[in-house]
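> One structure follows; several queries about it will come next.
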Amino acid sequence: MTRLELATNYTFVLSLFVITPLLLEGQSTKRSIDIEKATQYYKTQQYLKAEHHYRLALALEPNNPMVRYNLAATLYKQNAVTPALEMYSTLIHATKDNTLLSKAWYNKGVILSATGQLSESIVAYKNALRNNATDVQARENLQKALLELKRKQNSPPSTQPKQSKADQQLQQLQQKEMQVQQKVQQHKTKGAGAQTKDW
């Protein structure tokens with residue numbers, strides 16, 4: 001089950017605004033406008049425009065974890081898997097907010113599951129649960145990833161080697177049949193050759 005979410009809590013920005021109101025007033029307004037536009041574009045599935053505005057907001061405030069989180073979700077929606085994973089990883093190492101950590105780990109797990117990296121997704125879902133033990137979807141996805149990994153590990157080897165082995169056996173039978181036909185032909189030729197000789 002996928003659940004990529006946008007973060008909507010901007011409390012980190014308000015504390016910075018209070019400390020230096022004159023310096024950040026213009027930037028804060030511009031950043032807020034970019035975040036609002038980006039969020040609206042995201043909701044209407046205009047992900048390229050959303051990415052543009054999240055990047056503008058991130059340029060004004062490079063350490064803002066909410067913007068980074070939302071940008072990662074936007075990148076994933078555009079199938080930019082590697083940049084999205086990198087953005088989530090950067091966020092995970094930069095924040096101490098358990099709610100945001102849980103959501104970032106969860107989304108990272110979703111991406112890793114979708115790309116077939118089951119072992120890594122299991123680690124991500126476990127980390128999501130370490131930060132929010134009540135996350136039902138993380139628990140469900142963890143179980144699904146564990147079952148899928150177990151199924152893959154217990155599945156029989158591919159049928160391709162069996163097919164090539166069958167092809168080899170068929171080829172061997174054809175060769176034996178040709179050898180038998182050649183022997184029969186040689187036997188007929190010897191019998192016929194004994195009657196007539198060309199000198």
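> Quick one: what Rg and Dmax do you get for region 89-145 from the alpha carbons, in Å?
In order Rg, Dmax, the Cα atoms of region 89-145 give 10.2, 29 Å.
> Could I ask something else about it? For region 24-90, what is the accessible area per residue in Å² when the probe is 1.4 Å? Show your work: numbers first, answer last.
On the way: 3300 Å² over 67 residues.
On a per-residue basis, 49 Å².
> If R0 is 25 Å, what FRET efficiency do you get for Q171 and R151 from their C-beta distance, rounded to 0.05? Write out the running numbers ahead of the final one.
Values: r = 34 Å, r/R0 = 1.37.
Calculated transfer efficiency: 0.15.
> Something else: Could you tell me the distance between the Cα centroids of region 51-81 and region 92-140, to the nearest Å?
Cα centroid to Cα centroid, the span is 18 Å.
> Given the whole protein assembly as supplied and a 1.4 Å probe, what does the accessible area of K144 come to in Å², nearest 10?
Solvent-accessible area, nearest 10 Å²: 110 Å².
> Let me ask you something else. Ordering E36, E148 by how much accessible area each has at a 1.4 Å probe, largest first, what is the list? Intermediate values should be presented prior to the final figure.
Numbers: E36 120, E148 60 Å².
Correct descending sequence by accessible area is E36, E148.
> Over region 94-145, with the other protein chains present, what is the accessible area per residue in square angstrom, probe 1.4 angstrom? Before the final figure, lay out each step's value.
On the way: 2410 Å² over 52 residues.
That works out to 46 Å² per residue.
> Do any of K49/K144; K108/K152; K103/K152 go past 32 Å between their Cα atoms, and which? Please report the intermediate quantities before stating the final value.
Values: K49/K144 34 Å; K108/K152 21 Å; K103/K152 27 Å.
Checking Cα-Cα distances, K49/K144 exceed 32 Å.
> Report the calculated FRET efficiency for A94 and S119 (r = Cβ-Cβ distance, R0 = 30 Å), to the nearest 0.05. Please report the intermediate quantities before stating the final value.
Working: r = 25 Å, r/R0 = 0.82.
Once rounded, the FRET efficiency stands at 0.75.
> In region 46-103, if every C-alpha pair distance is counted and binned at 10 Å from zero, what percent goes to each bin?
26, 56, 17, 0
The values are calculated or read from the model by the stated rules, or taken from the named source; none is laboratory data. Just so we're clear, the structure is a prediction, and the values are computed from it rather than from any experiment. A quick note on method: Cβ atoms are made from the backbone with ideal geometry, for glycine too, and the neighbour counts reach across all protein chains shown. Please note that ligands, DNA and RNA were not included when accessible areas were found on the heavy atoms of the full protein model with its side chains. Shrake-Rupley method; radii C 1.70, N 1.55, O 1.52, S 1.80 Å.
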